[in-house]
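What follows is one structure encoded as structure tokens, with my remarks underneath.
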Amino acid sequence: MTSDRRCHEPRGKGRARDGGARGIGLAIAQRLAADGARVAIADLDEPAAKSAASGLGASAIAITADVTRTADVERMVTAAHRQWGRLDIVVNNAGITGGSKLTWELTDEDWNQVIACDLTSVFLVSRAAVRLMLAQGGGRIINIASIAGKEGNPTLAPYSAAKAGVIGFTKALAKEVANRGIFVNAVAPAVIGTDLVKQMSKETVDYLVAKIPMGRIGRPDEVAALVAWLASDDCSFSTGAVYDLSGGRGARGTRRGLQASPGRFHRPMIS
């Protein structure tokens, strides 16, 4: 197996990816494998995980796991570590947006499902991974948050709250392990061109794009490129940071100075 030395990493680092069978997760897995990593793709969808892993060749394995369940997470992390003898990099990507509802329309189940998948899973996987990383003397954890966790998206209160939690958790954990050789960072994308976008109306997509000064949605490979840098030895003095990947959405105002209309808040929005 050849290694892309742009990351300046030893060949054969062991990496685990959850939610890695499609979309952003698959793009990250493909990029890390191209950079020379041995990748474990974890997903609840077993056929999709196996298909994604087979597409990456002998350097990848598939693990079926529900990352909201402690037992599944412990088994997943142990399996990846046992396969290669190390676990150097973990990317927490699993997540759902939940239904598009106003806060007073949400049920307890609506809230709990999104929080479990988008926030609790990050805690469970990170806890299991850090225990191994502490023993081996270092590692990297990259959490996929969202610009919604910084700004809040109307009709997506559980998602926005969960992603805000991911950002806070990233900063807290990073401080706990900053002098232990473990780097913990987060990426906060705006809307990215995955199958989720295809499920949205043109009006909703237009609403989201209007908030992005660059005037377009992002690509999964752009997320993967940033994650690859965070996973590399080139990222040597950054931990506890949150990197926007939003086409300028984090800056004041919107594209061409337009402001999103409050009258559209009943529409589903995904970031």
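Derivation of every value follows stated rules applied to the coordinates shown; laboratory data play no part. Worth saying up front: this structure is predicted, and the values here are computed from it rather than measured. Cβ sites come from the backbone with ideal geometry, for glycine too, and all protein chains shown count toward neighbours.
Okay, here's what the table says:
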read-out	value
Relative contact order (percent, whole number), region 11-264, Cα cutoff 8 Å, 6+ residue spacing	18 percent
Full-stretch length increase - Arg127, Ser54 - with 0.36 nm per residue and alpha-carbon distance subtracted	23.5 nm
Extension reserve of the Ser238-Gln113 stretch, reckoned as 0.36 nm per residue once the Cα distance is removed	41.8 nm
Gyration tensor over alpha-carbon atoms, region 108-160, equivalent ellipsoid semi-axes in Å	28, 14, 5
³J(HN,Hα), Karplus 6.51/-1.76/1.60, whole Hz, each residue of region 85-94, x for Gly, Pro	x, 8, 9, 8, 9, 10, 10, 8, 10, 4
Hydrodynamic radius of region 11-264 per Kirkwood, over alpha carbon pairs, in Å	18.4 Å
Simple spin-label estimate for Ala172 and Trp104 in nanometres, 7 Å along Cα-Cβ	3.1 nm
Mean shadow area of region 44-175 over all directions, Cα convex hull, nm²	8.8 nm²
